[in-house]
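Everything on this sheet refers to the single structure shown next.
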Amino acid sequence: MKKIFDKWIIYIILSLIAIPFLIMYIAFFAEAFSKGISLGIIPQKLSLSNFSFLWSTIPWGLEKTRIWGIFLNTFLFASISGLAVTVVCTLTGYALSRIEFRGKTFLLSMQLILHAVSGQILLIAIFFLLLYTKLLYKIPGVALARASLEIPLGVWMIKGFFDAVPWDIERSAMIDGCTRFQIWYKIFLPLIKPGIGAVFIWGFLFAWHDFIYVYTLLPGTVPLLSTLVQGLLATEVVDYGVIAAISLFYMLPPLFLFVFLQKALMKAPIMGGKGMA
Amino acid sequence: MMAKREKSSNMLIEGKTSFFKFNSHWFFLSPSVLLVSFFYFIPVALVFTIAFTNMDQLFNWRLVGLTNFLKLFTLKDPLIPRIIKNTIIYIISALPLTIIGALFISLLTMRINRTASLIFRAIFFFPRLIPPVVWGFLWMWSFEGTRYGVFNSILEGFGISPIHWFIEYPMLIVICANAFLGISLAMLIFTSAIASIPKDYIRAAEIDGASFWQTSRFIIIPLLKWPIMTMTAWHLMSFINSYVYIFLITGGGPYHATEVWALYGYNSAFKNYQYGYGSSIMVVLVIINLILLVVLLKVFGMRRMIERSRIEV
């Protein structure tokens, strides 16, 4: 009897903490798919009129903006960043996992140290760095700057995948005359496909979600989806329905990417140790 | 001994076949070393340099020595005491809220059945999955002062007039918004750590008649020492450094009520165009971070976390 009572108390406490958040989330969806809500969470009249930005323009101040150009820019930004993170991390992860060299311990701990001094507080310096190298206000330059933030943790992620590959495979490839680069390219990359996918998603997702770099380092005339949402919130007349709809549209692509890449990448060959070699 | 022999044999193999000599580790390392030094080390050097200049919006500058730092430390800037107070309040309330809240939630979700605990954890993990802008938008909109705000429109249903949340409790809103983001990460770490504790310990305690509180206090929390310490260090750093969510939700307002140190640095640089002064504020943060890092490295012994390759090649 006492046990059941305990359980109920736990449920009640958890629900009390969760309810404000549930209200927020429900209000968010209700607002996006209706013409206004009453009592916070009850949609008045279901409609898709908030999603009209998909085929017509967004009323943003005096300007008329179209979403698809912004979407493509965001996609470009996130892809460049994701690709940079993937290429750099797979190269470095291999060296850190398989090659002994002087300063390796230092390099590994460096990755942790670099993660502590965050890029946010170096933003002023990065602004001037990009200004002097003529990369400021250009999507590729800012995407690279964004990518460098994810490299430390990305390397740690992919190093685990490299560590899991049996050494026998590498040895036999070396005996057959592969160079390091060939081993990396021909042997390892096919074996660690799930890791590559994970790192790419990692880089893509954080660049897609990024706000402060995009807001500071790209000009106001080149909005990405994150700065668009913020810009709409900062205007005088705020239409929460449209913002909720755009936010929803903004949140979906990483989800699709994840589902799509997961299907493609989980078909990794099973590591069989000796059998494989 | 073994390692040495293997190394030489491998070099032999490579030496015969390798056409390019940059086969060595530098080929693999150079992209990350270049990118990281370009976007980390040069900026650190640059922020220290700009801090000693009076860089303005036209990017004209000359060296002004310690002027910026003197302005900062001799309280010539009337805002500084307020900013320091805000920062301290923010950190000492958000950090315990994050750690204790996450511990509390993960201890509670452990006791209920799987499906229910998954649902609750999903609700609390959601903030990590959505972009910062959307999280900021949710808070801005929910606590809006007019009757269009979510919570005000609920209050309206009960006949209570709208509350100006952002004017009356700006700091509280900012703290909660950040703490619940921290909770979502810490909760994930703590629940997985709790799940890895052998069930025997908890069962044995239960048989001895320990209550839920006693099991948590004397068995689970001592075993979670390591994750709790890492998460505390992690979130201490992120609360000191990050200002994005405050920037999005209140922008530091109303009247600097929620402006913390890092955000003040950002605003002085990109809102007031005093890049030199902003840099000097950020330099203080960089130094604080480095000191904190040295202390943490001493406490944790980061070297222990880095394992060497299993076989030397």
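Among the residues that make up segment A:152-168, is at least one of them under 30 Å from B:Ser279 (Cα atoms), within 11 Å of chain B (Cβ to nearest Cβ) and modelled with pLDDT under 85?
Scanning segment A:152-168 turns up at least one residue that is under 30 Å from B:Ser279 (Cα atoms), within 11 Å of chain B (Cβ to nearest Cβ) and modelled with pLDDT under 85.
A single member of A:Leu48, A:Leu76, A:Leu72, A:Leu39 is within 30 Å of A:Glu150 (Cβ to Cβ) and either exposed (fewer than 13 other Cβ atoms within 10 Å of the Cβ) or over 24 Å from the mean Cα position of the chain (by Cα) (or both), and it is A:Leu72. A single member of A:Ala78, A:Ala27 is within 7 Å of another protein chain (Cβ to nearest Cβ) and within 30 Å of A:Thr227 (Cβ to Cβ), and it is A:Ala27. Picking from residues in segment B:135-156 that are aromatic (Phe, Trp, Tyr) and in a loop (DSSP other than H, G, I, E, B), the one that is farthest from A:Tyr240 (Cα to Cα) is B:Phe143.
For segment A:218-238, a residue qualifies if it is in contact (Cβ under 8 Å) with a residue 24 or more places away in the chain and surrounded by fewer than 22 Cβ atoms within 10 Å (Cβ to Cβ), and the qualifying residues are A:Leu218, A:Pro219, A:Val222, A:Gly231, A:Thr235.
What number of residues in segment A:51-69 are under 23 Å from A:Phe211 (Cα atoms), among the aliphatic types (A, V, I, L, M) and exposed (fewer than 13 other Cβ atoms within 10 Å of the Cβ)?
Taking segment A:51-69 and keeping what is under 23 Å from A:Phe211 (Cα atoms), we get A:51, A:53-54, A:57-61, A:63-69.
If we keep only those that are among the aliphatic types (A, V, I, L, M) too, we end up with A:54, A:58, A:67.
If we keep only those that are exposed (fewer than 13 other Cβ atoms within 10 Å of the Cβ) as well, we get none.
So the answer is 0.
Does segment B:157-177 contain at least one residue that is outside any helix (DSSP H, G or I), out of contact with any Pro (no Cβ under 8 Å at 6 or more places or on another chain) and among the aromatic types (Phe, Trp, Tyr)? Yes, segment B:157-177 contains at least one residue that is outside any helix (DSSP H, G or I), out of contact with any Pro (no Cβ under 8 Å at 6 or more places or on another chain) and among the aromatic types (Phe, Trp, Tyr).
Would segment A:81-95 turn up any residue that is in contact with a Leu (Cβ under 6 Å, 6 or more places away or on another chain) and more than 8 Å from chain B (Cβ to nearest Cβ)? Looking for residues that are in contact with a Leu (Cβ under 6 Å, 6 or more places away or on another chain) and more than 8 Å from chain B (Cβ to nearest Cβ), one finds none in segment A:81-95, hence no. What about B:Asn289, is it facing another protein chain (nearest Cβ under 8 Å), assigned to a helix (DSSP H, G or I) and of a type in the set (S, T, N, Q)? Here the answer is yes, as B:Asn289 does meet what is asked. Residues in segment A:122-143 that are within 20 Å of the chain's Cα centre (by Cα) and crowded, with 21+ Cβ neighbours inside 10 Å: A:Leu123, A:Val142, A:Ala143.
In segment B:139-186, what count of residues is obtained for those that are more than 11 Å from chain A (Cβ to nearest Cβ) and in contact (Cβ under 8 Å) with a residue 24 or more places away in the chain?
Number satisfying all stated conditions: 13.
Do we have B:Leu223 as within 11 Å of chain A (Cβ to nearest Cβ) and either over 16 Å from B:Leu79 (Cβ atoms) or out of contact with any helix residue (DSSP H, G or I) (no Cβ under 9 Å at 6 or more places or on another chain) (or both) here? No, not satisfied. Does A:Gly177 count as more than 9 Å from chain B (Cβ to nearest Cβ) and not hydrophobic (A, V, I, L, M, F, W, C)? Spelling it out, it is not the case that A:Gly177 is more than 9 Å from chain B (Cβ to nearest Cβ) and not hydrophobic (A, V, I, L, M, F, W, C).
Conditions tested, residue by residue: (1) at pLDDT 85 or above; (2) in contact with a helix residue (DSSP H, G or I) (Cβ under 9 Å, 6 or more places away or on another chain); (3) more than 30 Å from A:Ile175 (Cα to Cα).
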position: B:Ser9; (1), (2), (3): no, no, no
position: B:Lys16; (1), (2), (3): no, no, no
position: B:Phe22; (1), (2), (3): no, yes, no
position: B:Ile50; (1), (2), (3): yes, yes, yes
position: B:Met55; (1), (2), (3): no, yes, yes
position: B:Thr67; (1), (2), (3): no, yes, yes
position: B:Lys76; (1), (2), (3): no, yes, yes
position: B:Ile80; (1), (2), (3): yes, yes, yes
position: B:Ile89; (1), (2), (3): yes, yes, yes
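Kindly evaluate B:Met187 against the criterion of being touching a Gly at 6+ places or on another chain (Cβ under 9 Å) and either buried (at least 18 other Cβ atoms within 10 Å of the Cβ) or modelled with pLDDT of 85 or more (or both). Show your work before the answer.
Values: touching a Gly at 6+ places or on another chain (Cβ under 9 Å): yes; either buried (at least 18 other Cβ atoms within 10 Å of the Cβ) or modelled with pLDDT of 85 or more (or both): yes.
Yes, satisfied.
Restricting to helices (runs of 4 or more DSSP H) lying wholly in segment A:28-133: which have 1 or more residues that are over 23 Å from B:Leu46 (Cβ atoms) and at pLDDT 90 or above?
Working: elements: A:67-98, A:104-116, A:123-132.
So the answer is A:67-98.
Among the residues of segment A:26-54, just one is of a type in the set (Ser, Thr, Tyr) and closer than 21 Å to B:Phe158 by Cα, namely A:Ser38.
Out of the helices (runs of 4 or more DSSP H) lying entirely within segment B:193-279, which hold 2 or more residues that are in contact (Cβ under 8 Å) with a residue 60 or more places away in the chain and surrounded by 14 or more Cβ atoms within 10 Å (Cβ to Cβ)? Break it down into steps so the answer makes sense when it comes.
Working: elements: B:199-207, B:212-215, B:225-241, B:244-249, B:261-270.
In segment B:193-279, B:225-241, B:244-249, B:261-270 are the helices (runs of 4 or more DSSP H) which contain 2 or more residues that are in contact (Cβ under 8 Å) with a residue 60 or more places away in the chain and surrounded by 14 or more Cβ atoms within 10 Å (Cβ to Cβ).
Mind listing whichever residues of segment B:98-119 are in contact (Cβ under 8 Å) with a residue 12 or more places away in the chain, within 29 Å of B:Thr258 (Cβ to Cβ) and within 12 Å of another protein chain (Cβ to nearest Cβ)? Residues satisfying the conditions are B:Gly101, B:Ala102, B:Ile105, B:Ser106.
For segment B:104-157, give me each residue that is of a type in the set (A, V, I, L, M) and more than 24 Å from the chain's Cα centre (by Cα).
Of all residues in segment B:104-157, those of a type in the set (A, V, I, L, M) come to B:105, B:107-108, B:110, B:112, B:116, B:118-119, B:122-123, B:129-130, B:133-134, B:138, B:140, B:150, B:154-155.
Those that are of a type in the set (A, V, I, L, M) and more than 24 Å from the chain's Cα centre (by Cα): B:Leu108, B:Met110, B:Ile112, B:Ala116, B:Leu118, B:Ile119, B:Val150, B:Ile154, B:Leu155.
Beta carbons closer than 6 Å, at least 6 apart along the sequence or on distinct chains, pair a first residue in segment A:83-106 that is in the same structural domain as A:Ile196 (by TED's automatic domain parsing) with a second that is hydroxyl-bearing (Ser, Thr, Tyr) and in a helix (DSSP H, G or I) for A:Val88/B:Ser32; A:Thr92/B:Ser32. For segment B:130-146, the criterion of being surrounded by fewer than 21 Cβ atoms within 10 Å (Cβ to Cβ), more than 23 Å from A:Gly231 (Cβ to Cβ) and not polar (S, T, N, Q) is met by none of the residues.
The values are calculated or read from the model by the stated rules, or taken from the named source; none is laboratory data. What you see is a predicted model; the values in this text were computed from it and never measured. For neighbour counting, all protein chains shown are included, and Cβ atoms are generated from backbone atoms with ideal geometry for every residue, glycine included.
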